[in-house]
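The values are calculated or read from the model by the stated rules, or taken from the named source; none is laboratory data. Since the structure is predicted, the reported quantities are computational estimates derived from the model, not experimental observations. Backbone-built Cβ (ideal geometry, glycine too); neighbour counts: all protein chains shown. Heads up: the accessible areas ignore ligands, DNA and RNA and are worked out on the full protein's heavy atoms, side chains in. Shrake-Rupley method; radii C 1.70, N 1.55, O 1.52, S 1.80 Å.
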Amino acid sequence: MFKDLDPILHSQLRLAVMSLLISVKEAEFTFLKEKTNATAGNLSVQIQKLKEAGYIDVVKKFKDNYPQTICKVTSAGVKAFEKYVKNLQTYLVK
Amino acid sequence: MEEQAQLTEKESLDLIAQMIRKAKSSFHESGTSAILWGSVVALAGLINFAEENWNFSIGFDIWLIVLAALIPQIFISVKERKNRKAIAHDSTFMNAIWLVYGISIFALLFYFNIVPWMTDREIKEAGNELLIRNIHTGSLEHFTPNIFSHFSLLLILYAIPTLATGLGFKFRPMLLGGILCYVFFVTSCFTSTKWDMGLNGLAGIFNWLVPGLILRGRYLKGKSC
């Protein structure tokens, strides 16, 4: 049914994460968790998949002695997202 | 949110729209900095006007509170940076505008203080002196050069970042504040320094204090939801 849709993006949580990241310059893991209401474990797995696909950059650092994960969409991620939305729109037109 | 959930094309688009809305709604400006600078400029301008109008002195230059306000501003900036979980696309640009404005204000204050003194020195070094003659008594007195209507220049500078922010974010209170600031500037070209001080105070109220209070209200409302 969704032959043309990117399988990396066509999943609820990954799409939610990409939609959030496309709207901001960068976001912390806690921001993504709060907005998606996902569990930390599930979110980590999906972030890793997006990272492996080259759609997002993940930087791990420390803030006030606490680990901090910052995510940022890459230009490949922007292109993939735009293509995904375009494909979705063609489905809706059909 | 479950990863395995299958989405229809409409659900996908709805999810994208919902997440973009959620991300955008996270960026409510707290208004703290605007309230701080609005209050400081309003207080300084209006007290300075009152001193000139009713001939009294509070014993120190009230505009020094602008320098003092840098201390709470540093704390506010550090706290906001600490609590920030995401950075908006336009925040870097807006921060740059306000930073450049801050630098320019202090550069202009430096100019106001240095240029008259330097001009006086240069005139003296050339073996000359500027004198001012009282047309009623005919007496001549030394005249220290000054920057004429220097508060008008401050008004133009206030208008730049305020109007840019108002236009950029389509935030009507700051847009109106910026426009009003240009009106105050034109007015100040025809009024005495005393009234220019008052107009600076009013600019502080309309440019930052009122928009800051509106932003604060929105921020608190968004927080309670």
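One table, with the values for the structure above:
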{"read-out": "Test result for residue A:20, more than 8 Å from chain B (Cβ to nearest Cβ), open to solvent by less than 30 Å² (accessible area, probe 1.4 Å) and either of a type outside the set (Ser, Thr, Tyr) or not in a strand (DSSP E or B) (or both)", "value": "no"}
{"read-out": "Any hit, the stretch A:30-38, residues being farther than 16 Å from residue B:22 by Cβ and touching a residue at least 24 places away in the same chain (Cβ under 8 Å)", "value": "no"}
{"read-out": "Tally of residues being within 9 Å of chain A (Cβ to nearest Cβ), open to solvent by 40 Å² or more (accessible area, probe 1.4 Å) and in contact (Cβ under 8 Å) with a residue 24 or more places away in the chain across the stretch B:84-103", "value": "2"}
{"read-out": "Total residues in the stretch B:149-163, condition open to solvent by 30 Å² or more (accessible area, probe 1.4 Å) and over 11 Å from the mean Cα position of the chain (by Cα)", "value": "3"}
{"read-out": "Scan of the stretch A:66-89 for residues that are exposed (fewer than 15 other Cβ atoms within 10 Å of the Cβ), within 13 Å of chain B (Cβ to nearest Cβ) and closer than 23 Å to residue B:84 by Cα, ordered by number", "value": "A:66, A:68"}
{"read-out": "Any hit, the stretch B:32-47, residues being more than 19 Å from the chain's Cα centre (by Cα), more than 10 Å from chain A (Cβ to nearest Cβ) and open to solvent by 70 Å² or more (accessible area, probe 1.4 Å)", "value": "no"}
{"read-out": "Some residue of the stretch B:135-148 being open to solvent by less than 40 Å² (accessible area, probe 1.4 Å) and touching an Asp or Glu at 6+ places or on another chain (Cβ under 7 Å)", "value": "yes"}
{"read-out": "Where a residue in the stretch B:54-68 is open to solvent by 60 Å² or more (accessible area, probe 1.4 Å) and its partner, wherever it lies, is of a type outside the set (D, E, K, R), with Cβ under 7 Å and at least six apart", "value": "B:58/B:47"}
{"read-out": "Complete set of residues in the stretch A:23-58 that are in contact with a Phe, Trp or Tyr (Cβ under 9 Å, 6 or more places away or on another chain), under 24 Å from residue B:90 (Cα atoms) and surrounded by fewer than 17 Cβ atoms within 10 Å (Cβ to Cβ)", "value": "A:58"}
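Yes or no, residue by residue, for (1) touching a residue at least 12 places away in the same chain (Cβ under 8 Å); (2) surrounded by fewer than 19 Cβ atoms within 10 Å (Cβ to Cβ):
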position: B:175; (1), (2): yes, no
position: B:183; (1), (2): no, yes
position: B:193; (1), (2): yes, yes
position: B:197; (1), (2): yes, no
position: B:200; (1), (2): yes, no
position: B:212; (1), (2): yes, no
position: B:220; (1), (2): no, yes
